[in-house]
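The block underneath contains the structure these notes are about, expressed in C-alpha cells.
The values are calculated or read from the model by the stated rules, or taken from the named source; none is laboratory data. All figures in this text were calculated on a predicted structure; none of them were measured in a lab. A quick note on method: Cβ atoms are made from the backbone with ideal geometry, for glycine too, and the neighbour counts reach across all protein chains shown.
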Amino acid sequence: MIILSLIMGEYSFPQVDKYVAARNNMVKFQITDRDIKDDATLKAMRKVPRHLFVSKEFENDAYGDYPMPIGYGQTISQPYIVAYMTEVVKPNEKKKVLEIGTGSGYQAAVLAEIVDTVYTIEIVPELAIESASRFKKLGYNNIIGKSGDGYNGWPEHAPFDIIIVTAAADEIPEPLINQLSEDGRLVIPVGEQGAIQELILLVKKNGKIEKKHLTFVRFVPFKRSKNK
Ligand code: SAH
C-alpha cells in the first residue's frame, strides 16, 4: 500500500508520461538556452503535456521548435513564444488573466499552472468546445472558457491583471486596454497577416499606458465576428 501510494504520488506530480524527456529537452534547448529565466514559467512548461494539445497524429512532433496546426486554419504557438509571452506578463498565484484566442488551450494551461484564474475566449466554436473538454480531462478547474469574439474582452470579470492576446490584430482593441487593472500587463502581436508583426507589451501605471516593443513574431489573424 505504501509503495502504491508512493507510485501514485509520483504519477500525479510531476507529470509522468513518455514525453518527459522530450519536454525537459524542449525547456533546456528552446527556452532556458534562449534566456527565459522565470522559474514558474519553466516549471509550467516542464509540466504541461503539450502532446495532448495537438491531434493524435502529430503527437510525436509536439515538442519541436515550431508552431503546429490545430485545425480550422489555426496554430498552437512555438514553445519558445508561449514561454516568452508567459514570462513577460509576470504571472504569479494571485493574478487573474484574460486570454483572447484559446486555440488548443495550451497557453491557457501554462498560465493556469501559475496564476489564480484564467478566463479565455475563442472565436471558433469547435476549438472552444475541444479545449474545454481538454481542460476538464486534465483537471484545469481554474480555466473558464467561452466561445465568441474577444474584441470586447469579458467585462463581467474585469479588471484583469494580465491580458494575453494570441492572434495578431491591426490595432490594440480599446476595450482590452480598459479592462486592464492598475499595474496590469497586456501582451499582443500587432500587424497585418503575412507580414512580420510586432509583439507589444502595455503596462498600466497610475492610469496611464506605457507601451514597449518586445520582438517580431508571426501569428494567425485576429478575426472579428460579422454581427459586430
Ligand atoms: N493560444 C493558442 C494559440 C491560438 S492561435 C494556443 O495555445 O493554442 C489564435 C487563436 O485565436 C485561434 O484559435 C483563433 O481562432 C483565435 N481568434 C482569432 N480572433 C479571435 C477573436 N476575435 N476572439 C477570440 N479568438 C480569436
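Name the residues in the stretch 176-196 that are among the basic types (Lys, Arg) and within 15 Å of the ligand (Cβ to nearest atom), would you?
Result: no residue meets the conditions.
Any residue at all in the stretch 34-42 that is surrounded by 16 or more Cβ atoms within 10 Å (Cβ to Cβ) and not in a helix (DSSP H, G or I)?
Checking the stretch 34-42: at least one residue is surrounded by 16 or more Cβ atoms within 10 Å (Cβ to Cβ) and not in a helix (DSSP H, G or I).
Just a yes or no: is a residue in the stretch 149-164 touching a helix residue (DSSP H, G or I) at 6+ places or on another chain (Cβ under 7 Å), within 11 Å of the ligand (Cβ to nearest atom), of a type in the set (Val, Ile, Thr) and within 20 Å of THR41 (Cβ to Cβ)?
yes
Testing ASN24 on (1) without any contact (Cβ under 8 Å) to a residue 24 or more places away in the chain; (2) surrounded by 13 or more Cβ atoms within 10 Å (Cβ to Cβ); (3) in a loop (DSSP other than H, G, I, E, B), one condition comes back false. Which one is that?
Looking at each condition in turn, ASN24 falls short on (3).
Where in the stretch 109-178 are there strands (runs of 3 or more DSSP E), lying wholly inside it, with at least 2 residues that are among the hydroxyl-bearing types (Ser, Thr, Tyr) and at pLDDT 95 or above?
117-122
Just name the residue that is farthest from the chain's Cα centre (by Cα) out of those in the stretch 84-103 that are more than 10 Å from the ligand (Cβ to nearest atom) and assigned to a strand (DSSP E or B).
So, considering only residues that are more than 10 Å from the ligand (Cβ to nearest atom) and assigned to a strand (DSSP E or B), the one farthest from the chain's Cα centre (by Cα) is LYS96.
If you scan the stretch 59-83, which residues turn out to be within 7 Å of the ligand (Cβ to nearest atom) and at negative phi?
ILE70, GLN74, THR75, ILE76, SER77, VAL82
Any residue in the stretch 73-84 that is under 18 Å from GLU122 (Cβ atoms) sitting within a Cβ distance under 7 Å of a residue that is aromatic (Phe, Trp, Tyr) and at pLDDT 95 or above? List the pairs, counting only those 6 or more apart or interchain.
Taking only residues 6 or more apart or on different chains, the pairs are ILE76/PHE53; ILE76/TYR106; VAL82/TYR106.
Counting just the residues of the stretch 197-224 that are assigned to a loop (DSSP other than H, G, I, E, B) and surrounded by 11 or more Cβ atoms within 10 Å (Cβ to Cβ), which one comes out farthest from the ligand (Cβ to nearest atom)?
Here the residue is ARG218.
Does VAL89 satisfy the condition of being farther than 22 Å from ASN24 by Cβ, crowded, with 21+ Cβ neighbours inside 10 Å and modelled with pLDDT of 95 or more?
So VAL89 fits the description; yes.
For the list (1) near the ligand (Cβ under 10 Å from one of its atoms); (2) surrounded by fewer than 17 Cβ atoms within 10 Å (Cβ to Cβ); (3) under 15 Å from the mean Cα position of the chain (by Cα); (4) not β-branched (Val, Ile, Thr), I need the number of the one condition that TYR106 fails.
For TYR106, the exception is condition (2).
Any idea which of ILE76, ILE129 is among the β-branched types (Val, Ile, Thr) and surrounded by fewer than 17 Cβ atoms within 10 Å (Cβ to Cβ)?
Result: ILE129 is the single residue among ILE76, ILE129 that is among the β-branched types (Val, Ile, Thr) and surrounded by fewer than 17 Cβ atoms within 10 Å (Cβ to Cβ).
(1) crowded, with 17+ Cβ neighbours inside 10 Å; (2) out of contact with any Phe, Trp or Tyr (no Cβ under 9 Å at 6 or more places or on another chain): which one isn't true of LYS136, the others all being true?
Answer for LYS136: the failing condition is (1).
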